[in-house]
Amino acid sequence: MAEITGIKEIIRPENLVYKRTKVMTDNILSYCPGCGHGTVHRILAEIIDEEGLQSETIGVSPVGCAVLMYNFLDIDCQEAAHGRAPAVATGIKRLLPDKFVFTYQGDGDLAAIGTAETIHACNRGENILMIFINNGIYGMTGGQMAPTTIPGMRSSTSPYGRDVKIMGNPLKMTDIVATLPGTYYVTRQSVHTPANVRRTKKAMRKAVQYQKLNRGACFIEIVSNCPSGWKMTPVESNKWMEENMIPFYPLGDLKTPPEEPASNLKPEAK
Amino acid sequence: MERELRLMKGNEAVAEAAIRAGADGYFGYPITPQSEILEYLMEARPYQTTGMVVLQAESEIAAINMVYGGAACGKRVMTTSSSPGISLKQEGITYIAGAELPCLIVNVVRGGPGLGTIQPAQSDYFQAVKGGGHGDYHLIVLAPASVQEMADFVGLGFDLAFRYRNPVMILSDGAIGQMMEKVYLSPQKERSKKVPEWATTGKPPTRERNIITSLDLDPKAQEVFNQKLIAKYDEIREKEVRYEEFQCQDAEYLLVAYGTSARVCQKAVQLARVEGLRVGLLRPITLFPFPTARIRELAGQVKGMMSVEMSAGQMVEDVMLAANGKVPVVHFGRMGGIVTTPDEVVENLKLKIMKV
């Protein structure tokens, strides 16, 4: 690549508009190009940094694509067995109730093998934040059908599309946990446009505040793409997500705290 | 300080000893014959006194993973269950062993396989001693033979777990868990304020982040880690073997038995001695590490050995390995929740080893 003319003139502190947040490490992300995980990591790191929580935070990573989350976030972290992160986080939070504790899980982890742990941690009202990345597929193992794979959606174990008569229905875990008395704030967001990134960050900041106030479980689903698993380019995958995933999993708050204005209760337009 | 004397069930002794040992947390799930542990702790409410957390989980799987989370924060945490529940915990136990976390697990064994029976058995020996979950790892396994040891091994278990950063299992059975005996209780210990340097408690600017994981995608690094574990287990084998001998000095025949079976065998030795038979008993207190060296030594002295277990014959394999072919080693055991009698033991010793 030819050198950009005057590059040294351009790279100056006063011209800086974007930089690595200090809660992210220098390690190269293991996520595929265009995947939403990197963006969510970045938002989470920004929130931890801006809220001054680095020394107070214990994260729990899942089994799945985000298994190596602890390589990218500069925080104390525990790696849980598949689906067990909410139980692990319960143990942490019960013993260190003043710390900020979150889990970060995919759909297979949280909504299939870990269904019991998810529902019971929410129902007990554990003071933790659960971040749920829903891309409707098992990304890490090569694109198999997930509990959230939508009807008709293709995967390596539903190669002709999900036939709900044979394979059963997708599970709307976020809708379920919103009905439980132990959850305080339940929302569904995405990170495929700058506006959605901002909304997700706002949701995370709220969840941090609620945890400080010991309000109960906060649950943020992030509908995301999986270009590799869906066998699409990043741009195609975002378009497919907008046209297919988001109508099935509408964005917006599913449960807001009583003192919160109800204005943002209705699902947002994509 | 004077120790307090009480009449208690083995299960209650575990619960009370946990509070007094300064445990930070207990996570349990009901299953017969060990539910008294959770019940006792819920009634005692130690969270109001010592600050010890007690929580009833939604499953044994969740309970052991809560233990993982708490242990990774450097806390003294434990769970208890019985055989079918311990099977469910195996995933969590292998992750705990792989992440080198200290914790205490109590198995009040009942007969199996499957749902089996709620009566006492010793049929989980292989599971406890040889692994249980997947991968190359060992638990430190303590085998109490009395209510007193149920209490004493809680504190000992925590100490060993933290010394070696390794999960410790108390392998008890339904008889020891349910029976009442007098027990001397240690005075209340304060909960430790020490934070191990590896614990995840939030990363201060003064240190690198702490990561608790059992994952290494690099085969070379994973093998180095496996070798580190082997070295740790070798050190445990060298330093932590515990056993008790009963009339072994002049013994011509040796019984090897742990837990409830060891109590039965102690009586069997007395009965045999009345008949003029020189029988001794070796009671392993640690099942891992196993008293291999001492049994090998006794193989040079006795004419034969009989492993007495409430199982189809599990520990007998380790006794055979220790005897290394020097003398005949046989197994005698009852199953299905039946506790053998001293008379049966003597009868089978004569039949199987003495051939009389």
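The values are calculated or read from the model by the stated rules, or taken from the named source; none is laboratory data. Model, not experiment: these values are computed from the prediction. Here Cβ is always computed from backbone atoms with ideal geometry, including for glycine, and neighbour counts include all displayed protein chains.
Please pick out the residue among B:I96, B:I140 that is within 14 Å of chain A (Cβ to nearest Cβ), buried (at least 21 other Cβ atoms within 10 Å of the Cβ) and among the β-branched types (V, I, T).
Going through B:I96, B:I140 in turn, the sole match is B:I96.
So which of A:R188, A:R205, A:R162 ends up being in contact with a Ser or Thr (Cβ under 8 Å, 6 or more places away or on another chain) and either more than 16 Å from A:V223 (Cα to Cα) or part of a loop (DSSP other than H, G, I, E, B) (or both)?
Only one candidate qualifies: A:R162.
Scan segment A:95-109 for residues that are touching a residue at least 24 places away in the same chain (Cβ under 8 Å) and at the interface with chain B (Cβ under 7 Å from one of its Cβ atoms) and jot them down.
A:L96, A:K99
So which helices (runs of 4 or more DSSP H) stay within segment B:100-198 end to end and still have 1 or more residues that are under 11 Å from the mean Cα position of the chain (by Cα)?
B:125-130, B:147-164
Looking for something surrounded by 19 or more Cβ atoms within 10 Å (Cβ to Cβ) and touching a Gly at 6+ places or on another chain (Cβ under 7 Å) - is there at least one such residue anywhere in segment A:11-33?
yes
Report, by residue number, each residue of segment A:57-80 that is over 20 Å from A:K212 (Cβ atoms) and more than 7 Å from chain B (Cβ to nearest Cβ).
Passing the criteria: A:S61, A:P62, A:V63, A:G64, A:C65, A:A66, A:L68, A:M69, A:N71, A:F72.
Could you go through segment B:118-137 and let me know if any residue there is of a type in the set (S, T, N, Q) and either farther than 18 Å from B:M169 by Cα or within 14 Å of chain A (Cβ to nearest Cβ) (or both).
yes
Picking from B:V274, B:V269, B:V264, which residue would you name as being outside the structural domain of B:G177 (by TED's automatic domain parsing), closer than 29 Å to B:P113 by Cα and either at pLDDT 95 or above or not polar (S, T, N, Q) (or both)?
When all the criteria are applied, what remains is B:V264.
Answer yes or no as to whether A:V88 is out of contact with any Lys or Arg (no Cβ under 7 Å at 6 or more places or on another chain) and surrounded by fewer than 24 Cβ atoms within 10 Å (Cβ to Cβ).
no
With respect to B:G51, determine if the residue is within 14 Å of chain A (Cβ to nearest Cβ) and free of Cβ contacts under 8 Å to residues at least 12 places away in the same chain.
No; evaluated as a whole, the condition is false for this residue.
Only one of these is aromatic (F, W, Y), surrounded by fewer than 23 Cβ atoms within 10 Å (Cβ to Cβ) and either under 20 Å from B:F153 (Cα atoms) or in the same structural domain as B:I176 (by TED's automatic domain parsing) (or both): B:Y26, B:Y40, B:Y68. Name it.
Going through B:Y26, B:Y40, B:Y68 in turn, the sole match is B:Y40.
Of these, B:M179, B:M169, which one is in contact with a Leu (Cβ under 8 Å, 6 or more places away or on another chain) and in the same structural domain as B:S81 (by TED's automatic domain parsing)?
None of the other options fit; the residue is B:M169.
So, in segment B:214-237, of the ones that are in contact with a Leu (Cβ under 9 Å, 6 or more places away or on another chain) and within 11 Å of chain A (Cβ to nearest Cβ), which residue ends up surrounded by the fewest Cβ atoms within 10 Å (Cβ to Cβ)?
Ranking the qualifying residues of segment B:214-237, first place goes to B:L217.
Give the residues of segment B:57-89 that are farther than 24 Å from B:Q188 by Cβ, among the polar types (S, T, N, Q) and more than 7 Å from chain A (Cβ to nearest Cβ), sorted by residue number.
B:S81, B:S82, B:S83, B:S87
If only one of B:K203, B:K193, B:K130, B:K182 is buried (at least 20 other Cβ atoms within 10 Å of the Cβ) and among the charged types (D, E, K, R), which one is it?
B:K203
Out of B:E223, B:E252, I need the residue that is acidic (D, E) and farther than 25 Å from B:A72 by Cα. Which one?
B:E252
Taking the criterion of being in contact with a strand residue (DSSP E or B) (Cβ under 9 Å, 6 or more places away or on another chain) and under 30 Å from A:E51 (Cβ atoms), would at least one residue in segment B:228-243 satisfy it?
Within segment B:228-243, not a single residue is in contact with a strand residue (DSSP E or B) (Cβ under 9 Å, 6 or more places away or on another chain) and under 30 Å from A:E51 (Cβ atoms).
Taking into account only those residues within segment A:42-73 that are buried (at least 21 other Cβ atoms within 10 Å of the Cβ) and without any contact (Cβ under 8 Å) to a residue 40 or more places away in the chain, which is farthest from the chain's Cα centre (by Cα)?
Per the criteria, the residue is A:Q54.
Could you count how many residues in segment B:296-312 are over 26 Å from B:V147 (Cα atoms) and of a type in the set (V, I, T)?
Total satisfying the criteria: 1.
Would you be able to say whether some residue in segment B:4-22 is hydrophobic (A, V, I, L, M, F, W, C) and either within 30 Å of A:I113 (Cα to Cα) or within 14 Å of another protein chain (Cβ to nearest Cβ) (or both)?
Looking through segment B:4-22, none of the residues is hydrophobic (A, V, I, L, M, F, W, C) and either within 30 Å of A:I113 (Cα to Cα) or within 14 Å of another protein chain (Cβ to nearest Cβ) (or both).
List every residue pair whose Cβ atoms sit under 9 Å apart, with the two residues 6 or more apart in sequence or on different chains, where the first one lies in segment B:312-337 and is part of a loop (DSSP other than H, G, I, E, B) and the second, anywhere, is of a type in the set (F, W, Y) and buried (at least 16 other Cβ atoms within 10 Å of the Cβ).
B:G313/B:F332; B:Q314/B:Y125
Any idea which residue in segment B:202-226 is nearest to the chain's Cα centre (by Cα), counting only those that are under 15 Å from A:Q78 (Cβ atoms) and not aliphatic (A, V, I, L, M)?
B:S214
Return the residues of segment A:227-257 that are in a loop (DSSP other than H, G, I, E, B) and free of Cβ contacts under 8 Å to residues at least 60 places away in the same chain; say none if nothing qualifies.
A:M232
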